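**Student:** If you scroll down you'll find the structure; I have some questions about it.
The values are calculated or read from the model by the stated rules, or taken from the named source; none is laboratory data. Because the structure is a prediction, the values reported are computed rather than measured. Reconstructed Cβ throughout: ideal geometry from the backbone, glycine too, with neighbour counts over all protein chains shown.
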């Protein structure tokens with residue numbers, strides 16, 4: 001009986017030692033608990049003033065994550081408004097990971113945010129998700145911030161430029177008038193946006209070339225015309241080749257040769273033989 005008790009005691013001690021021993025190198029260990037996006041955002045905010053290094057580390061992790069709900073995206077947008085520099089950019093990168101149209105209404109609402117970088121971030125997402133319903137809000141941003149004095153590096157300039165780029169990405173004709181209004185005065189961002197509209201904007205561009213009193217606007221309109229590579233624009237351009245305005249004919253010819261060089265060249269040569277137009 002004594003031997004039995006001693007054996008049982010020894011066995012119990014061995015079990016306790018085995019259970020309490022650290023896992024051997026290479027053995028699986030419990031994975032650390034991963035903070036949610038909301039927790040990361042809250043932790044960043046708590047450390048903004050007292051531990052900026054910790055905030056940077058958390059933001060680095062957050063930049064690799066993708067918000068999947070309005071609450072998560074909204075929390076990060078609010079943080080963008082309260083931060084700056086590299087930390088702020090990492091938060092913007094986190095929002096840029098989103099590719100979920102179901103969050104579209106949040107970004108449309110945030111276009112009205114008074115903080116220019118929040119509205120700029122929202123505008124970028126409206127363009128990425130191609131949200132047609134965002135066009136009025138994007139137009140309002142351009143009216144509010146649509147002026148570029150330098151390299152679009154101030155928050156206000158960034159908002160205006162991002163809204164212009166977004167209109168080009170969406171391609172809704174409702175955005176064309178504001179882009180034409182800004183022609184020549186938005187550091188070529190408005191030019192690149194208008195090019196994406198292709199044949200839809202050709203008539204308005206020639207109208208600018210013919211009638212605008214703004215030299216920069218006329219020059220920018222011409223640049224858009226010759227940069228469009230849309231086959232649907234060919235009938236409109238052929239019509240303008242016969243325009244009485246020499247500048248209109250000039251840019252119509254260049255545009256045709258850019259879109260369809262071989263066919264257009266043959267047709268233009270034939271016209272030259274018939275009409276002896278010096279431009280041709």
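**Student:** Being part of a helix (DSSP H, G or I) and at pLDDT below 90 is the filter here; which residues of the stretch 20-41 pass it? Talk me through it step by step, then tell me what you get.
**Tutor:** Keep residues of the stretch 20-41 that are part of a helix (DSSP H, G or I), which gives 20, 37-41.
Within the stretch 20-41, just 20 meets the criteria.
**Student:** Kindly indicate which of 202, 170 is under 13 Å from the mean Cα position of the chain (by Cα) and either in contact (Cβ under 8 Å) with a residue 12 or more places away in the chain or closer than 29 Å to residue 101 by Cα (or both).
**Tutor:** Working: 202 fails: under 13 Å from the mean Cα position of the chain (by Cα).
None of the other options fit; the residue is 170.
**Student:** Let me ask something else. If only one of 46, 62 is over 24 Å from the mean Cα position of the chain (by Cα) and either modelled with pLDDT under 95 or under 20 Å from residue 116 (Cα atoms) (or both), which one is it?
**Tutor:** Answer to the selection: 46.
**Student:** Still on this structure, I have one more. Which of the numbered conditions does residue 113 fail, given that it passes all the others? Conditions: (1) assigned to a helix (DSSP H, G or I); (2) under 22 Å from residue 172 (Cβ atoms).
**Tutor:** Of the numbered conditions (1) assigned to a helix (DSSP H, G or I); (2) under 22 Å from residue 172 (Cβ atoms), the odd one out for residue 113 is (1).
**Student:** What number of residues within the stretch 129-156 satisfy the criterion of being in a helix (DSSP H, G or I) and touching a helix residue (DSSP H, G or I) at 6+ places or on another chain (Cβ under 7 Å)?
**Tutor:** Of the residues in the stretch 129-156, 12 are in a helix (DSSP H, G or I) and touching a helix residue (DSSP H, G or I) at 6+ places or on another chain (Cβ under 7 Å).
**Student:** A follow-up question, please. Which residues, taken from the stretch 240-249, are surrounded by fewer than 19 Cβ atoms within 10 Å (Cβ to Cβ) and in contact (Cβ under 8 Å) with a residue 12 or more places away in the chain?
**Tutor:** Listed by number, the residues that qualify are 243, 245, 246, 247, 249.
**Student:** So in the stretch 206-221, with the set limited to residues that are touching a residue at least 24 places away in the same chain (Cβ under 8 Å) and under 13 Å from residue 240 (Cα atoms), which one is surrounded by the fewest Cβ atoms within 10 Å (Cβ to Cβ)?
**Tutor:** Looking at residues that are touching a residue at least 24 places away in the same chain (Cβ under 8 Å) and under 13 Å from residue 240 (Cα atoms), I get 210.
**Student:** For residue 55, indicate whether it is farther than 24 Å from residue 107 by Cβ and either at pLDDT 90 or above or buried (at least 17 other Cβ atoms within 10 Å of the Cβ) (or both).
**Tutor:** Taking the combined requirement at face value, the residue satisfies it.
**Student:** Let me ask something additional. Residues that are within 24 Å of residue 168 (Cβ to Cβ) and at pLDDT 95 or above, at least 1 per element: which helices (runs of 4 or more DSSP H) completely within the stretch 191-272 meet that?
**Tutor:** Those helices (runs of 4 or more DSSP H) span 202-211, 215-227.
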